[in-house]
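Here the structure comes first, spelled out in structure tokens, and everything after it is commentary.
The values are calculated or read from the model by the stated rules, or taken from the named source; none is laboratory data. Treat the numbers as computed from the prediction; the structure is a model and nothing was measured. Every residue, glycine as well, gets a Cβ built from its backbone with ideal geometry; the counts of neighbours run over all protein chains shown. In case anyone asks, the SASA skips ligands and DNA or RNA and just uses the protein heavy atoms, side chains included. Shrake-Rupley method; radii C 1.70, N 1.55, O 1.52, S 1.80 Å.
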Amino acid sequence: QMQLGGFEKNPRNTTKPLLGEFTKLGTTPKRKLVEFKVTLDALLPVGLKIDARHFFPGQFVDIQGITKGKGFQGVMKRWGFGGQAATHGVSKTHRHLGAAGACQDPGKVWKGKKMPGNMGNKNRTAECLKIFKIDVKRSLLYLKGSVPGNNGGFLKIRDALKRPFDEETPPPFPTYVAGEGEEIPGEIELPLSENDPFDE
């Protein structure tokens, strides 16, 4: 496994064990640490900075994050239940669950029954999102699709497991390293398709 860190952190707000680890490696403390499973030939030297060009336009990625927390919610919001009738003898239980059990046999409520409870605030992964543009100077990835979590949250981005690379255009391995004197482009975009969707 390889550990990556991001965003500088004040040493005063870092615990002594972690501060000792960062000092031993010769780097400054980081706010967020994430581990990735990689092969031995993909290990990077300590202190190497990875920018957005580790990925490339047209690549598919999996993005993992903590979803928005909704607090304690009922079954209609949490699970999409239809609720009970608005009239015809229903008294103050219009949005309630209704019957949750069965008969004397099995005489219990099955595990996993959809009930009211805490909604959101869970670790989820959005799979196979396509990168269509990279802002190199600001290290931004433009994706097609939604990602989990609130604005300003941390996301873990990895190569898509279900969409392998094209053998003709492999990505930079193990990562992109700029050469000396290389001009840094502002943006890298996915080239437009030659097929016009409005052609018959």
message: Filter the stretch 158-172 down to the residues that are surrounded by 10 or more Cβ atoms within 10 Å (Cβ to Cβ) and either of a type in the set (D, E, K, R) or under 20 Å from P45 (Cα atoms) (or both) and list them by number.
response: R158, D159, R163, D166, P171, P172
Odd one out for I188 among (1) assigned to a loop (DSSP other than H, G, I, E, B); (2) β-branched (V, I, T); (3) closer than 28 Å to T39 by Cβ: (1)
task: May I ask you to list the residues in the stretch 46-103 that are out of contact with any Leu (no Cβ under 9 Å at 6 or more places or on another chain), closer than 30 Å to I131 by Cβ and small (G, A, S)?
output: G69
- request: Check K24, K49, K70 and return the single one that is within 19 Å of the chain's Cα centre (by Cα) and not hydroxyl-bearing (S, T, Y).
  value: K70
message: List the residue pairs whose Cβ atoms are under 6 Å apart, where the first residue sits in the stretch 139-167 and is at positive phi, the second is at pLDDT below 95 and open to solvent by less than 90 Å² (accessible area, probe 1.4 Å), and the two are 6 or more positions apart or on different chains.
response: S139/D51; S139/A52
- prompt: Is one or more of the residues making up the stretch 128-142 in a loop (DSSP other than H, G, I, E, B) and loosely packed, with under 11 Cβ neighbours inside 10 Å?
  reply: yes
- request: Kindly indicate the residue of the stretch 1-21 that is hydrophobic (A, V, I, L, M, F, W, C) and over 14 Å from G47 (Cβ atoms) and also nearest to the chain's Cα centre (by Cα) among those meeting that condition.
  value: F7
message: Consider the stretch 30-44. How many of its residues are open to solvent by 60 Å² or more (accessible area, probe 1.4 Å) and closer than 17 Å to G6 by Cβ?
response: 4
Subset of the stretch 109-126 [open to solvent by less than 90 Å² (accessible area, probe 1.4 Å), assigned to a strand (DSSP E or B) and not aliphatic (A, V, I, L, M)]: G117, N118, N123, T125
- request: Using the structure shown, decide if K68 is modelled with pLDDT of 95 or more and either among the basic types (K, R) or open to solvent by 70 Å² or more (accessible area, probe 1.4 Å) (or both).
  value: yes
task: Evaluate the following for K24: is it surrounded by fewer than 16 Cβ atoms within 10 Å (Cβ to Cβ) and not in a helix (DSSP H, G or I)?
output: no
- request: Could you pull out the residue among P106, P17 that is of a type outside the set (D, E, K, R), open to solvent by 80 Å² or more (accessible area, probe 1.4 Å) and either farther than 30 Å from V136 by Cα or in contact with a Cys (Cβ under 6 Å, 6 or more places away or on another chain) (or both)?
  value: P17
- request: Scan the stretch 45-55 for residues that are open to solvent by 50 Å² or more (accessible area, probe 1.4 Å) and not aliphatic (A, V, I, L, M) and jot them down.
  value: P45, G47, K49
